[in-house]
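J.: Quick one: the structure is below, and I'll ask about it shortly.
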Amino acid sequence: MERWPKAFPQDPAAIRPLAIGIHQEVIQRLPEYPPGQIRKAIILWRQPRKGAYLRALASGGPRYNLDGNPKEEVSPEHREWAAKELADWEAQQKVERKAGNAKAASPGDSGQG
């Protein structure tokens with residue numbers, strides 16, 4: 001993903017919606033890699049940036065290709081879907097943080113039994 005820093009930035013604040021079918025664009029430019037491996041690489045890039053990516057989609061605006069050029073606009077349906085997914089994701093993050101804090105706060109539990 002380092003080949004296309006405009007499409008796949010490391011900084012979450014720089015994340016923008018990807019063009020629909022971006023994996024096809026990568027497949028065309030990297031024919032030496034299996035399509036499944038390319039899809040997996042995109043998923044692995046997006047997973048730790050899920051919140052930032054969903055925020056970018058929910059905000060709307062253009063989707064971008066590998067070179068960082070705008071393509072189509074984020075559809076109202078995709079904006080709505082992203083807003084719902086973001087709310088669900090944020091709720092899950094809150095639950096996980098609470099569980100982590102509760103576990104860290106429990107005295108004397110070494111986890112060994």
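J.: Is it true that some residue in segment 87-100 is within 20 Å of Asp11 (Cβ to Cβ), of a type in the set (A, V, I, L, M) and surrounded by 11 or more Cβ atoms within 10 Å (Cβ to Cβ)?
T.: no
J.: Additional query: What pairs come up if the first residue lies in segment 62-84 and is surrounded by fewer than 12 Cβ atoms within 10 Å (Cβ to Cβ), the second is in a loop (DSSP other than H, G, I, E, B) and charged (D, E, K, R), and their beta carbons are under 7 Å apart, counting only those six or more places apart or on different chains?
T.: Close Cβ pairs satisfying both conditions: Asp67/Lys6.
J.: Then there is this: Of everything in segment 1-28, what is under 23 Å from Glu73 (Cα atoms), charged (D, E, K, R) and exposed (fewer than 13 other Cβ atoms within 10 Å of the Cβ)? Give them in sequence order.
T.: Once the filter is applied, which keeps residues that are under 23 Å from Glu73 (Cα atoms), charged (D, E, K, R) and exposed (fewer than 13 other Cβ atoms within 10 Å of the Cβ), segment 1-28 yields only Asp11.
J.: Let me ask you something else. Within the group Glu73, Glu32, Glu80, Glu85, which residue is touching a Gly at 6+ places or on another chain (Cβ under 8 Å) and modelled with pLDDT of 95 or more?
T.: Glu73
J.: Could you tell me how many of the residues in segment 36-66 are aromatic (Phe, Trp, Tyr) and at pLDDT 95 or above?
T.: Number satisfying all stated conditions: 2.
J.: So, in segment 34-48, of the ones that are free of Cβ contacts under 8 Å to residues at least 12 places away in the same chain and under 15 Å from the mean Cα position of the chain (by Cα), which residue ends up surrounded by the most Cβ atoms within 10 Å (Cβ to Cβ)?
T.: Filtering segment 34-48 for residues that are free of Cβ contacts under 8 Å to residues at least 12 places away in the same chain and under 15 Å from the mean Cα position of the chain (by Cα), the one surrounded by the most Cβ atoms within 10 Å (Cβ to Cβ) comes out as Arg46.
J.: Evaluate the following for Gly108: is it modelled with pLDDT under 95, small (Gly, Ala, Ser) and surrounded by fewer than 16 Cβ atoms within 10 Å (Cβ to Cβ)?
T.: So Gly108 passes the test.
The values are calculated or read from the model by the stated rules, or taken from the named source; none is laboratory data. Quantities reported herein were computed from a predicted structural model and do not represent experimental measurements. In this analysis, Cβ positions are derived from the backbone assuming ideal geometry, glycine residues included, and neighbour counts consider all displayed protein chains.
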